[in-house]
Amino acid sequence: MTTDRFDLRAFSVRHDKSTMKVGTDALLLGAWADLEGARRILDVGTGSGLLALMAAQRAPEAWIDAVEIDEASTEQAGRNAALSPWADRVRVHHMDVRRLHASEPFDRIISNPPFHAPQSLSPEVRRSVTRHGSDLTFAELLRVVVRCLSDNGRCALILPAQREKELLDLAERQGLALHRRCQVHYVAGRPARRVLVELGRDRAGLDDGGIIVMEGPDGPYSEAYLELLQEFLIRT
């Protein structure tokens with residue numbers, strides 16, 4: 001394990017060229033998303049390709065299309081996919097997802113969308129955002145979901161807890177309903193910092209839950225977190 005590479009049980013991800021480094025949020029989403037029976041999966045803003053590769057591992061019958069607007073990130077995600085056990089099922093595309101018009105709908109869409117205010121980004125990332133127009137808003141992301149998701153498909157996202165209502169209000173206006181929800185507490189006893197949500201077109205009952213990542217500020221990781229990620233994390 002190095003700062004340039006993140007090793008998992010079945011594959012490794014290099015992320016030194018990517019604007020999106022491997023982190024807890026993406027790992028949680030990749031393990032939490034319901035991919036059962038998925039045949040076509042879209043990863044919006046793939047970064048290093050981590051989510052796409054986690055999806056390929058979990059959904060052995062699925063083809064995964066990973067879209068990324070940043071050129072350096074796209075190149076690195078493509079290399080990561082090519083070196084993985086699923087090189088034949090993961091396709092990485094350098095494009096603006098707002099211009100994506102799929103020939104067939106996707107039955108799963110996953111995304112760890114950018115949500116930082118511009119002033120909180122590093123100068124390098126701010127330049128990339130400005131140069132490539134990669135400041136994808138929740139409203140734009142949801143329009144992509146509505147356009148590309150199959151009738152019975154699901155879309156799984158992770159976002160800041162304080163922006164959940166904003167996203168769900170926008171989703172409601174787009175005809176999308178909340179199916180699953182999981183509040184993410186990075187540290188036991190502290191307020192949720194993130195929330196995982198799953199959206200769909202149909203009105204199913206809500207599965208609501210939560211997860212604690214760490215038992216204390218200095219660890220250890222919770223058993224629930226380790227169990228969720230048992231297919232991926234290398235335990236020492």
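So, ASP43, is that one under 11 Å from the mean Cα position of the chain (by Cα) and closer than 20 Å to PRO105 by Cα or not?
Criteria met by ASP43.
Can you name every one of the strands (runs of 3 or more DSSP E) wholly within the range 15-117 that holds 2 or more residues which are closer than 27 Å to VAL184 by Cα and modelled with pLDDT of 95 or more?
Result: 40-44, 63-68, 106-111.
Does the range 211-236 hold any residues that are surrounded by fewer than 15 Cβ atoms within 10 Å (Cβ to Cβ), in contact (Cβ under 8 Å) with a residue 24 or more places away in the chain and touching a helix residue (DSSP H, G or I) at 6+ places or on another chain (Cβ under 9 Å), and which are they?
GLU231
Residue check: is ALA192 surrounded by 11 or more Cβ atoms within 10 Å (Cβ to Cβ), aliphatic (A, V, I, L, M) and in contact with a helix residue (DSSP H, G or I) (Cβ under 6 Å, 6 or more places away or on another chain)?
For ALA192, the condition - surrounded by 11 or more Cβ atoms within 10 Å (Cβ to Cβ), aliphatic (A, V, I, L, M) and in contact with a helix residue (DSSP H, G or I) (Cβ under 6 Å, 6 or more places away or on another chain) - is met.
Among (1) at pLDDT 95 or above; (2) part of a helix (DSSP H, G or I); (3) crowded, with 17+ Cβ neighbours inside 10 Å, there is one condition CYS182 misses while meeting the rest; what is its number?
Single failed check for CYS182: (2).
Between a residue in the range 65-88 that is closer than 17 Å to LEU8 by Cα and any residue that is in a strand (DSSP E or B) and hydrophobic (A, V, I, L, M, F, W, C), which pairs come within a Cβ distance under 8 Å, given they are 6 or more apart or on different chains?
Going by the 8 Å Cβ cut-off, the qualifying pairs are ALA77/ALA66; ALA77/VAL92; ASN80/VAL13; ALA81/ALA66; ALA81/VAL90; ALA81/VAL92; SER84/VAL90; TRP86/ILE64.
Determine which single condition PHE11 fails, assuming it passes every other condition in (1) aromatic (Phe, Trp, Tyr); (2) under 16 Å from the mean Cα position of the chain (by Cα); (3) over 22 Å from CYS155 (Cβ atoms).
Going through (1) aromatic (Phe, Trp, Tyr); (2) under 16 Å from the mean Cα position of the chain (by Cα); (3) over 22 Å from CYS155 (Cβ atoms) one by one, PHE11 breaks only (2).
Checking GLY189 against (1) within 20 Å of LEU29 (Cα to Cα); (2) modelled with pLDDT of 95 or more; (3) part of a loop (DSSP other than H, G, I, E, B); (4) not charged (D, E, K, R), which single condition isn't satisfied?
Every condition holds for GLY189 apart from (1).
On the given criteria, is VAL145 among the β-branched types (Val, Ile, Thr) and either at pLDDT 95 or above or closer than 20 Å to PHE232 by Cα (or both)?
yes
From LEU167, LEU142, LEU136, which residue is part of a loop (DSSP other than H, G, I, E, B) and surrounded by 12 or more Cβ atoms within 10 Å (Cβ to Cβ)?
Checking each option against the conditions leaves just LEU136.
So is ARG14 touching a strand residue (DSSP E or B) at 6+ places or on another chain (Cβ under 8 Å) and surrounded by fewer than 18 Cβ atoms within 10 Å (Cβ to Cβ) or not?
Considered against the rule, which asks whether it is touching a strand residue (DSSP E or B) at 6+ places or on another chain (Cβ under 8 Å) and surrounded by fewer than 18 Cβ atoms within 10 Å (Cβ to Cβ), ARG14 comes out as no.
The values are calculated or read from the model by the stated rules, or taken from the named source; none is laboratory data. If you're wondering where the values come from, they're calculated on a predicted model, not measured in any experiment. So basically every Cβ, Gly included, is an ideal-geometry build from the backbone, and we count neighbours across all protein chains shown.
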